[in-house]
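Okay, so here's the structure we're looking at.
Coordinate-derived values only; no laboratory data. This is a predicted model, so every value here is computed, not measured. Cβ placement follows ideal geometry from the backbone for every residue including glycine, while neighbour counts extend to all protein chains displayed.
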Amino acid sequence: MKQLYLIGFMGSGKTTVGRSIKEQYGIDYIDLDEAIEGRLHKRIVDIFKEEGEEAFRTYETETLKALKTTPIIATGGGIIERSENISYMKENGIIIYLKTSFDTIKLRLTRDQSRPLWKDEKQNKALFDKRNKIYEYSADYIVHCDNRTTKEIIEEIVSLYRYKGILDSED
Ligand SMILES: Nc1ncnc2c1ncn2[C@@H]1O[C@H](COP(=O)(O)OP(=O)(O)O)[C@@H](O)[C@H]1O
Ligand SMILES: O=C(O)C1=C[C@@H](OP(=O)(O)O)[C@@H](O)[C@H](O)C1
Ligand SMILES: [Mg+2]
């Protein structure tokens, strides 16, 4: 069975979409950040504060590779920071980019305190521009998320999932 990986910038809706697919369609999902927090018994903000980003990236890669059977994985926005993660996801499954504009993300995350890499406007925009290209190069499919409800987005993903027979595929 191929796995389906949701990628995209912070605030693009990866966690929300993964959770909704599970709720609406009963397809199992796991959020990589939640899996890391569960493994380490530590919140993401505390991992960044106490151990730094590089340590977090190592936990992220290890956890990604440990999740071998869950059909849908919502990754964290920085999963594409290590090219080995991209190669791994490509080998093991299908990558879907939840493409969302910077303006939409800004509106969603204005008061967000839970994302250590969501900083000031200049840094956020620079990171967004750098990563947007990598998400596009890495994705097998791009789902446009601006001005769309979670319901509309998950319907598109699930029909793609079924059309491509990802769930039933053995390769
Ligand atoms: N399609 C959508 N329309 C409006 N708000 C959304 C949508 N998807 C997600 N959100 C909101 O955006 C914020 C970030 O979503 P989240 O799922 O945590 O993103 P990610 O996991 O990609 O960082 C949350 O407050 C969530 O409710
Ligand atoms: O973009 C990033 O580097 C990060 C995104 C976060 O996940 P979300 O994309 O779900 O916010 C989380 O993994 C961590 O704060 C680092
Ligand atoms: Mg998330």
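Please report, in Å, the Rg and the Dmax of segment 1-86, where both are computed over Cα atoms only.
Rg then Dmax for segment 1-86, in Å: 12.6, 38.
About its Cα centre, how strong a charge dipole does segment 110-149 have in debye, to the nearest 20, once Lys and Arg get +1 and Asp and Glu get -1 at the Cβ?
In debye, rounded to 20, segment 110-149 gives about 160.
Explain nothing, just the number: dipole magnitude of segment 1-110 about its Cα centre with +1 on each Lys and Arg Cβ and -1 on each Asp and Glu Cβ, in debye rounded to the nearest 20.
Numbers: 16 positive and 17 negative charges, 75 e Å.
Dipole of segment 1-110, to the nearest 20 debye: 360 debye.
Which peptide among 138-151, 29-42, 6-19 comes first, and what is the full order, when sorted by highest mean count of other Cβ atoms within 10 Å?
My ranking of the peptides, most packed first, is 6-19, 29-42, 138-151.
Say the dipole of the chain comes from +1 at the beta carbon of Lys and Arg and -1 at that of Asp and Glu; which of 117, 58, 38 then lies farthest toward its positive end?
117
Please give the net charge around residue 150, taking every other residue with its beta carbon less than 14 angstrom from that of residue 150, where Lys and Arg add +1 and Asp and Glu add -1.
Combined, the nearby Lys, Arg, Asp and Glu give +1.
Could you sort out which of 14/90; 22/151; 2/106 sit more than 21 Å apart by Cα distance in this structure?
In this structure, 2/106 lie more than 21 Å apart at Cα.
Helix-only estimate, please: 222 nm mean residue ellipticity of the chain, summing -39500 (n - 2.57) across DSSP H runs of length 4 or more and dividing by its residues, to the nearest 500.
Helix contribution divided over all residues of the chain: -16500 deg cm²/dmol.
Using the scaling law 2.2 N^0.38 Å as the reference, what is the normalised Cα Rg of the chain?
Expressed relative to 2.2 N^0.38 Å, the Cα Rg reads 0.98.
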